[in-house]
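Note sheet for the following structure.
The values are calculated or read from the model by the stated rules, or taken from the named source; none is laboratory data. Treat the numbers as computed from the prediction; the structure is a model and nothing was measured. Cβ atoms come from the backbone with ideal geometry, glycine included; neighbour counts cover every protein chain shown. Surface accessibility is based on the protein's heavy atoms, side chains included, excluding ligands, DNA and RNA. Shrake-Rupley method; radii C 1.70, N 1.55, O 1.52, S 1.80 Å.
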2 protein chains.
Amino acid sequence: MTSSPEFKVERLTVAGSLTDRVCEALVQLISGEDFPPGSRLPSEMKMASRFGVSRTVIREAISRLKSEGLVESRQGSGVFVREENMDAPFRIDPNIMDSIQSVLQVVELRKVLEGEIAGLAAKRRSREQMAAIRQALKQIDTDVAAGSDGVDADIAFHRCIAEATGNPHFLALIQFLFNFLRNATQTTRGIEATRATLTQQVKDEHRAIVEAISHQDSTAARAAARLHMDRASRRLGTADIKLLQSASTAANLTPSTV
Amino acid sequence: MTSSPEFKVERLTVAGSLTDRVCEALVQLISGEDFPPGSRLPSEMKMASRFGVSRTVIREAISRLKSEGLVESRQGSGVFVREENMDAPFRIDPNIMDSIQSVLQVVELRKVLEGEIAGLAAKRRSREQMAAIRQALKQIDTDVAAGSDGVDADIAFHRCIAEATGNPHFLALIQFLFNFLRNATQTTRGIEATRATLTQQVKDEHRAIVEAISHQDSTAARAAARLHMDRASRRLGTADIKLLQSASTAANLTPSTV
DNA sequence: GATGTAATCTTGTACGACAACTATAGCCGT
DNA sequence: ACGGCTATAGTTGTCGTACAAGATTACATC
């Protein structure tokens, strides 16, 4: 091996800082077949030379990859690609938030989950859990009467139902989806307003879910929850779509001027 | 303000590199009330002085926090705490892998998803997607005949179905669950063996799913997928439970000796 | 051939310098 | 007095060098 290049230098992306670009390029190289799991990637000096950047940039990029669990560095030995990316978490790409369609797709995911969660909760809920659900339902009214937008109480309500399944992963997953949707929609503040105006309809939907769970009728609970989410996505899809779209385009024009 | 310390220097943890410790300390400070969302944290120079490390270390720590979405840096202005931790990913605590019950709970989550995914795929699949699903089903046989355990092909099969929903989040989520389950079970190699011995039954279950999707019968598709997952969890719950348990206890004894 | 040691390579950390960019204070013109 | 422009200081981004700490390899020695 006289001077065989240890890896091809990918075209660095045009946007972002040097560290961003190098990071992206390295992820591509690791994802590809250039560096299989367990292999050692070139020394920081060599990478700096190949990419035409300083070692500082390489080190910061490696630092990110380490925090994401893609690589692992051993002092004096080198940087190695981690065996498994089992820790690769489930995350939704934040820059798809612009797209109203993607938000609706997340809502669809939530709809599926809420339906099954309600069905399972109907089967398994204990008496205490049933009381907690009823209490959470009341809390929504209390909060709204006190001037709150009721979003927190609404989330707590659905969390109570998820807890009643006895499977903590359902709770964790819908909590994650709540976080995402809240952040995706909070830019406009349109959803909360919509929810506030449609309180009566939402209240009826909630009651239907609670009643079904109370009667341990899992089929009805699933249907009620799905209907609830269907209507929620419809509310999202009609009134607020323009707001969200305009907000997203505005965000595109001013990427970091927030 | 003459010389009010802008933040208290937390005790740096004893283990890990300087970057690790600084990173941890910063996370604590951000999680606490010292630096609320939107606030600017001290300049890199000041932090370097406070922590008694070089600016390099601070920069690498900040780089990690940026990749984790906790902070955001603006050149010439400073480093700011991001508004919401909307990026908080959905991840399953790795140390629950010990518990066979938790694994079964994840399987239940997958069961729910696979059922709904199959139902949606039955409604929406295009002709090309149907062909891809059939192709993936055949590939399982091909791989198994070639001596493979067929796990990869099995995953690819279910991925094809998820793709046919047209909602990429379903695909991403079940891929995440696959990764977790694979890592949770691969220690014993017991599951693959089980799956290999029960090929005929699994094949029948797969065929039922494919036929239902082909006929665009979403109810049948959902039922078939749920049955498939039910049987999978039963297979998991009976034969391999002892293997998994023993493997988990062994893993506890050797936490990082892999 | 086994073994201990030195040379060498790699990552970790520190320091200094400058470029690119921002925000602010202050000056100036009106 | 007020608005707009500029100078200036502060901050992040990038570069380079240097050395410490740990690991690997080669080699000399027995």
Out of the residues in the stretch B:97-134 that are over 27 Å from A:H169 (Cβ atoms) and small (G, A, S), state the one that is surrounded by the most Cβ atoms within 10 Å (Cβ to Cβ).
B:A132
When the stretch A:82-128 is checked residue by residue, the ones that are more than 10 Å from chain B (Cβ to nearest Cβ) and modelled with pLDDT of 90 or more are A:E114, A:A118, A:A121, A:A122, A:K123, A:R124, A:R125, A:S126, A:R127, A:E128
Kindly check whether there is at least one residue in the stretch B:198-208 that is modelled with pLDDT of 50 or more, closer than 30 Å to B:P89 by Cβ and part of a helix (DSSP H, G or I).
no
Which one of the conditions (1) modelled with pLDDT of 50 or more; (2) over 22 Å from the mean Cα position of the chain (by Cα); (3) assigned to a helix (DSSP H, G or I) does B:Q216 fail to meet, given that it meets all the rest?
(3)
Cross-chain or 6+ apart pairs with Cβ under 6 Å, the stretch A:215-234 first and small (G, A, S), then open to solvent by 80 Å² or more (accessible area, probe 1.4 Å):
A:S218/A:K123
Tell me which residues, restricted to the stretch A:21-79, are polar (S, T, N, Q), away from chain B (no Cβ under 12 Å) and under 19 Å from B:E68 (Cα atoms).
A:Q28
If you go through A:T194, A:T165, A:T249, A:T187, the only one that is modelled with pLDDT under 80 and not in a helix (DSSP H, G or I) is A:T187
Kindly provide the set of residues from the stretch B:38-77 that are more than 7 Å from DNA strand D (Cβ to nearest atom), closer than 30 Å to B:R91 by Cα and part of a helix (DSSP H, G or I), ordered by number.
B:V57, B:I58, B:E60, B:A61, B:S63, B:R64, B:L65, B:K66, B:S67
Scan the stretch A:30-59 for residues that are open to solvent by less than 80 Å² (accessible area, probe 1.4 Å), of a type in the set (G, A, S) and under 25 Å from B:V57 (Cα atoms) and report the count.
4
Give me the pairs: first residue in the stretch B:38-57 and among the acidic types (D, E), second residue open to solvent by 60 Å² or more (accessible area, probe 1.4 Å) and within 12 Å of DNA strand C (Cβ to nearest atom), beta-carbon distance under 6 Å, and six or more apart or on different chains, which are they?
B:E44/B:R55
Are any residues in the stretch A:135-154 surrounded by 14 or more Cβ atoms within 10 Å (Cβ to Cβ) and modelled with pLDDT of 90 or more, and if so, which ones?
A:A136, A:L137, A:Q139
